[in-house]
Amino acid sequence: MSATLTTLRDLADQYDAFLIDQFGVLLDGAGAYENAPRALSELAKTGKPIVILSNSGKRAAPNEARLTRLGFARGDYQTVLSSGEAAYRLLSETVGDRRGGATPVWLHARDGDQSAIEGLNLRSVASASEADLLILAGSQGDQRGLEWYRAELTPAAQRAVPCYCTNPDLEMLTPQGKAFGAGRIAALYEELGGSVTYIGKPYPQIYQIAGQILGQIAPRGVLCIGDSPAHDVLGGAGAGFSTALVRDTGLHAGADFAHLQKICEGLGARLEHVIPAFDWES
């Protein structure tokens, strides 16, 4: 099936609920895209459920605070379902009520964010070599090279320390441009012999939680809007949802319609719509 080139305004009438990516759709590496806050407000006026579905390793509250700071109205969406929030649910079930001493964990996140482990029976340590659990919630790929990560992670891989990657993105947007994401660090850990559990798009768990939040809406009535064929389209289609990509922002900014379709076809991912941007007027 060939995708259609359309607009956000037209799609608003065709679907019953929306799962909207954060970085590359609403935000770039420095702030909000110019017309995105208004577009979200206009979409919210339809009264249809909106969830921000993000591969952010931070939990919901820090993501919601950032969106508010950047001009998005908190009342325009139900919640931010981040991969960090989904991971927190899983960790709460596995280590949250474990008795005895706290498990030493190496939490790698941006901005010193510790929300991924707050309230859990986990103790943060400074080096992966000291840890019995690794959490890759973010990347410092704009500051450190992969060789630094190789040296940091090798001792943990040799001890078979389990790793949770709560931000599977291979690339990220930064104020300086693209850099490798936490997903690339997780792949390196696997190359070193380590074991990784991935949480977030395109993996099923986060979409299962999203479906629970949306309730009784039929999957094909839910539209996933993103910028990544390998995450937003592959994951959304795999969950049975409908899919749309932005063309002029995000990871593939400036790519033509045919190129986006070809990428999705190569992944075996069902792309249904392409829109210029998350903009109510274009």
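When segment 4-26 is limited to residues that are in contact with a His (Cβ under 7 Å, 6 or more places away or on another chain) and either polar (S, T, N, Q) or crowded, with 20+ Cβ neighbours inside 10 Å (or both), the one that is farthest from L67 (Cα to Cα) turns out to be T4.
Quick grid of which residues meet (1) touching a helix residue (DSSP H, G or I) at 6+ places or on another chain (Cβ under 7 Å); (2) basic (K, R); (3) surrounded by 17 or more Cβ atoms within 10 Å (Cβ to Cβ):
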site: C163; (1), (2), (3): yes, no, yes
site: D169; (1), (2), (3): yes, no, yes
site: P175; (1), (2), (3): no, no, no
site: Q216; (1), (2), (3): no, no, no
site: R220; (1), (2), (3): no, yes, no
site: V246; (1), (2), (3): no, no, yes
site: L260; (1), (2), (3): yes, no, yes
site: H273; (1), (2), (3): yes, no, yes
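For segment 191-205, enumerate the residues that are more than 12 Å from P168 (Cα to Cα) and either without any contact (Cβ under 8 Å) to a residue 40 or more places away in the chain or under 18 Å from the mean Cα position of the chain (by Cα) (or both). Don't jump to the end; show me each part of the working.
Applying the first criterion (more than 12 Å from P168 (Cα to Cα)) to segment 191-205 yields 191-195, 204-205.
Correct list: E191, G193, S195, P204, Q205.
Of all the residues that make up segment 182-211, how many are farther than 25 Å from A156 by Cα and of a type in the set (D, E, K, R)? First the steps, then the outcome.
If we filter segment 182-211 for residues that are farther than 25 Å from A156 by Cα, which is where we start, we get 201-202, 204-211.
Next, only the ones that are of a type in the set (D, E, K, R) stay: 201.
Residues meeting the conditions: 1.
With respect to (1) surrounded by 22 or more Cβ atoms within 10 Å (Cβ to Cβ); (2) assigned to a loop (DSSP other than H, G, I, E, B), the lone exception for G29 is condition (1).
D169 meets all of the listed conditions (1) more than 12 Å from the chain's Cα centre (by Cα); (2) closer than 26 Å to S115 by Cα; (3) in a loop (DSSP other than H, G, I, E, B) but one, namely (1). Within the set A87, A44, A73, the sole residue that is in contact (Cβ under 8 Å) with a residue 40 or more places away in the chain and of a type in the set (A, V, I, L, M) turns out to be A87. Suppose we filter segment 1-26 for residues that are within 20 Å of G250 (Cα to Cα) and outside any loop (DSSP other than H, G, I, E, B); how many remain? Final tally of qualifying residues: 9.
Just the residues that are under 12 Å from Y77 (Cα atoms) and in contact with a helix residue (DSSP H, G or I) (Cβ under 6 Å, 6 or more places away or on another chain), please, taken from segment 1-18.
If we filter segment 1-18 for residues that are under 12 Å from Y77 (Cα atoms), which is where we start, we get 17-18.
The answer is A17, and nothing else.
Of everything listed in (1) assigned to a loop (DSSP other than H, G, I, E, B); (2) in contact with a Lys or Arg (Cβ under 9 Å, 6 or more places away or on another chain); (3) modelled with pLDDT of 95 or more, the single unmet condition for T46 is (2). Here segment 92-140 is the region considered, the condition is being modelled with pLDDT of 90 or more and assigned to a helix (DSSP H, G or I), and the residue that is surrounded by the most Cβ atoms within 10 Å (Cβ to Cβ) is A128.
A count restricted to segment 187-222 and to residues that are part of a helix (DSSP H, G or I) and either of a type in the set (K, R) or on the phi > 0 side of the Ramachandran plot (or both) stands at 1. Of all residues assigned to segment 98-111, none qualifies as being touching a strand residue (DSSP E or B) at 6+ places or on another chain (Cβ under 7 Å), assigned by TED's automatic domain parsing to the domain that holds T166 and among the basic types (K, R). Can we say G236 is of a type in the set (G, A, S), touching a Lys or Arg at 6+ places or on another chain (Cβ under 9 Å) and assigned by TED's automatic domain parsing to the domain that holds P37? Taking the combined requirement at face value, the residue satisfies it.
The values are calculated or read from the model by the stated rules, or taken from the named source; none is laboratory data. Computed from a predicted model, the values in this text were never measured in an experiment. Counting neighbours? That spans all protein chains shown, and the Cβs are built from the backbone with ideal geometry, glycine included.
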